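Below is one structure, written out as structure tokens; comments come after it.
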Amino acid sequence: GIDLGTTNSLVATVRSGQAETLPDHEGRHLLPSVVHYQQQGHTVGYAARDNAAQDTANTISSVKRMMGRSLADIQARYPHLPYRFKASVNGLPMIDTAAGLLNPVRVSADILKALAARASESLSGELDGVVITVPAYFDDAQRQGTKDAARLAGLHVL
């Protein structure tokens, strides 16, 4: 299971009837829900968070707050975000980064890919399927955005 959080995320499994979170190679269970984009790739988690102060426009955090919302809604709710936005054809937000225009689904997918890689490494194999938590207050568009991010990350949502 994956907890795709606003600030931090984690991945867990059940072994012998007990839930257990899966740590990274340094023993850390939480992964900051942050992605830093560059022209040639991106970093996720702690390495991305370390770039936040120096490169705010390309370091995306709290993307969960943007999921399933229109650009107008995001700008009204969060007027002080440091990102450069453009509207897509359907009015959804596109974040202008060094890696190009990215939507919240893509950013969330990059976080999910990092968590899936951690799980595959810890469990020594491919994931058959995942369960992803979403807040009870998420509407249909926000839930669908999370499912779309999982599919983009190559995950099968159960």
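Any idea how many residues of the range 1-34 are under 17 Å from the mean Cα position of the chain (by Cα) and of a type in the set (Ser, Thr, Tyr)?
Of the residues in that region, 4 qualify.
With at pLDDT 95 or above, crowded, with 20+ Cβ neighbours inside 10 Å, under 16 Å from residue 146 (Cβ atoms) and of a type in the set (Gly, Ala, Ser) as the only criterion, which of 48, 109 stands out? Give the steps one after another, and end with the answer.
Working: 48 fails: under 16 Å from residue 146 (Cβ atoms).
None of the others qualify; the one that does is 109.
Could you please find all residues in the range 16-38 being more than 17 Å from residue 113 (Cα to Cα) and loosely packed, with under 10 Cβ neighbours inside 10 Å?
16, 17, 18, 19, 26, 27
Taking the residues in the range 74-89 that are within 18 Å of residue 56 (Cβ to Cβ) and in contact (Cβ under 8 Å) with a residue 12 or more places away in the chain as candidates, determine which candidate is surrounded by the fewest Cβ atoms within 10 Å (Cβ to Cβ). Let's see the steps before the verdict.
From the range 74-89, those within 18 Å of residue 56 (Cβ to Cβ) are 74-75, 78-86; that's our starting set.
From what's left, in contact (Cβ under 8 Å) with a residue 12 or more places away in the chain: 74, 78, 82-86.
Working: 74: 20, 78: 13, 82: 12, 83: 20, 84: 12, 85: 14, 86: 10.
The residue in question is 86.
Looking at the structure I just gave you, is residue 149 closer than 20 Å to residue 7 by Cβ, assigned to a loop (DSSP other than H, G, I, E, B) and at pLDDT 95 or above? Write out each step before concluding.
On the way: closer than 20 Å to residue 7 by Cβ: yes; assigned to a loop (DSSP other than H, G, I, E, B): no; at pLDDT 95 or above: yes.
For residue 149, the condition - closer than 20 Å to residue 7 by Cβ, assigned to a loop (DSSP other than H, G, I, E, B) and at pLDDT 95 or above - is not met.
The values are calculated or read from the model by the stated rules, or taken from the named source; none is laboratory data. Everything numeric here is computed off the predicted structure, so don't read it as measured data. With ideal geometry, Cβ positions are generated from the backbone for all residues, glycine too; neighbour counts draw on all protein chains shown.
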